[in-house]
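Before anything else, here's the structure in question.
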Amino acid sequence: MDIPSNTTSPLPVDDAKRTDSTSKAPARGTTRAGDRIFLGLSRGSGIAVLVIMGAIAAFLAYRTALALADNTGNFLTTFEWDPAGITTGGKPYFGIAVLVFGTVVSSIIALVIAVPVAIGIALFISHYAPRKLAAPIAYVIDLLAAVPSIVYGLWGALVVAPNLTGLYSWLDDYFGWTGIFEYQGGAPRSLMTVGILLAIMILPIITNVSREVFLQVPKMHEEAALALGATRWEVIRMSVLPFGRSGIISASMLGLGRALGETIAVATVLSPTFVIQASVLDYGGGTFAQNIASKFNEATEYGQDALIASGLVLFVITLLVNGAARLIIARRKEYSGANA
């Protein structure tokens, strides 16, 4: 029997319900009020961060320009800090060569000491220690991050530094021939002491971030390696460490940022001098943060501009370090948890 051409078959019940719900849905491109508010707040927060960073950079650059306009020394290579011109007949003469050296060397020493220890602690907590033991250890590590900097500084000056003479003598006996670990005696208020103290201070940061990354390793990866006959160390070497490499780099950069900008603890421990020592065990040296903290209150207006100029260099170094870390992490995306 022929069916009239203008006759339409009825829709199934499910299709009819779907059509009704679709017709009642908001038009494409529209959002709810809550979504619009959240989008605005998120976008405003991001813009605010950029504005604040730009304002800080502009302020530092302006004050730096005022300081460098009258400086008779080379700002990057001069080994003296005399913005008042006491030794040059009233002409400002200052540079940051010693500060760059001291900041970089002490931070590198801190990373060399702290990163292996922090990774070892993180692996022990996440993969070796029983739960009853892992929780207290993690709690103690967290407490280290809550200790104020001044407490670290006092402890370093009164306890750590006086007891490093034996270690320094041992390093001089066996490695003094390198020149880097040559010890001439005297108070051990050196860049090495600062590096050891900074290593203790950044240890909880690197440990906590690395531990959380190691706990995110897919269990299937570890179980597959164990099923193939791998030992616990081989599982960590082939599955855990490659997966957590980006996290370890991020944790190390966070710790480095803390080490670069640490002020009170360094100022309490270090005996500042504007001389670059070949040995990290000899007393003396200086860092950006320590120099600013110790001289800002007594400085003239021009001297403050000079200190702010050194702060701009520290600001740039921090940005370069974080940028390098982002580049390294971007090249290690294959180890991220997204493809687990």
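Tell me the residue from Leu226, Leu241 that is out of contact with any Gly (no Cβ under 9 Å at 6 or more places or on another chain) and at pLDDT below 85, please. Show your work before the answer.
On the way: Leu241 fails: at pLDDT below 85.
Selected residue: Leu226, the only one of Leu226, Leu241 that is out of contact with any Gly (no Cβ under 9 Å at 6 or more places or on another chain) and at pLDDT below 85.
Next up: Counting only residues that are part of a loop (DSSP other than H, G, I, E, B) and either among the aliphatic types (A, V, I, L, M) or within 21 Å of the chain's Cα centre (by Cα) (or both), which one in the stretch 176-215 is surrounded by the fewest Cβ atoms within 10 Å (Cβ to Cβ)?
Within the stretch 176-215, the subset part of a loop (DSSP other than H, G, I, E, B) is 179-189.
After this cut, where a residue has to be either among the aliphatic types (A, V, I, L, M) or within 21 Å of the chain's Cα centre (by Cα) (or both) as well, the list is 180, 187.
Working: Ile180: 15, Ala187: 12.
Ranking the qualifying residues of the stretch 176-215, first place goes to Ala187.
Something else now. Looking at (1) more than 30 Å from Asp173 (Cβ to Cβ); (2) touching a Leu at 6+ places or on another chain (Cβ under 6 Å); (3) outside any helix (DSSP H, G or I), find the lone condition where Glu298 falls short.
Unmet condition: (2).
Note down all Cβ pairs under 8 Å where the first residue falls in the stretch 73-87 and is closer than 18 Å to Pro272 by Cα, the second is basic (Lys, Arg) and crowded, with 18+ Cβ neighbours inside 10 Å, and they're at least six residues apart or on different chains.
If the second residue must be basic (Lys, Arg) and crowded, with 18+ Cβ neighbours inside 10 Å, no pairs are left.
For the stretch 294-302, does any single residue satisfy the condition of being within 27 Å of Ser190 (Cβ to Cβ) and modelled with pLDDT of 90 or more? Walk me through it before giving the result.
Initially, the stretch 294-302 is screened for residues within 27 Å of Ser190 (Cβ to Cβ), giving 294-299.
So of that shortlist, the ones also modelled with pLDDT of 90 or more come out as none.
No, the stretch 294-302 has no match at all.
Can I ask one more? Is it the case that Thr207 is over 29 Å from Ala330 (Cβ atoms), at pLDDT 85 or above and hydroxyl-bearing (Ser, Thr, Tyr)? I'd like the intermediate steps shown before the answer.
Numbers: over 29 Å from Ala330 (Cβ atoms): no; at pLDDT 85 or above: yes; hydroxyl-bearing (Ser, Thr, Tyr): yes.
So Thr207 fails the test.
Give the residues of the stretch 123-148 that are surrounded by 12 or more Cβ atoms within 10 Å (Cβ to Cβ), closer than 19 Å to Leu198 by Cβ and small (Gly, Ala, Ser), sorted by residue number.
Ala145, the sole residue that qualifies.
Hey, could you check the stretch 244-295 for residues that are assigned to a loop (DSSP other than H, G, I, E, B) and hydroxyl-bearing (Ser, Thr, Tyr) and say which is nearest to Arg211 (Cα to Cα)?
Kept after step one, since they are assigned to a loop (DSSP other than H, G, I, E, B), are these residues of the stretch 244-295: 244, 262-263, 270-282, 284-287.
With the extra rule that they be hydroxyl-bearing (Ser, Thr, Tyr), the set shrinks to 263, 271, 273, 279, 287.
Numbers: Thr263: 27, Ser271: 36, Thr273: 39, Ser279: 35, Thr287: 30 Å.
If we take residues in the stretch 244-295 being assigned to a loop (DSSP other than H, G, I, E, B) and hydroxyl-bearing (Ser, Thr, Tyr), then Thr263 is nearest to Arg211 (Cα to Cα).
The values are calculated or read from the model by the stated rules, or taken from the named source; none is laboratory data. Just so it is clear, the structure is predicted and the values come from calculations on it, not from any experiment. Methodologically, a virtual Cβ is constructed for each residue, glycine included, from the backbone with ideal geometry; neighbour enumeration extends over all protein chains shown.
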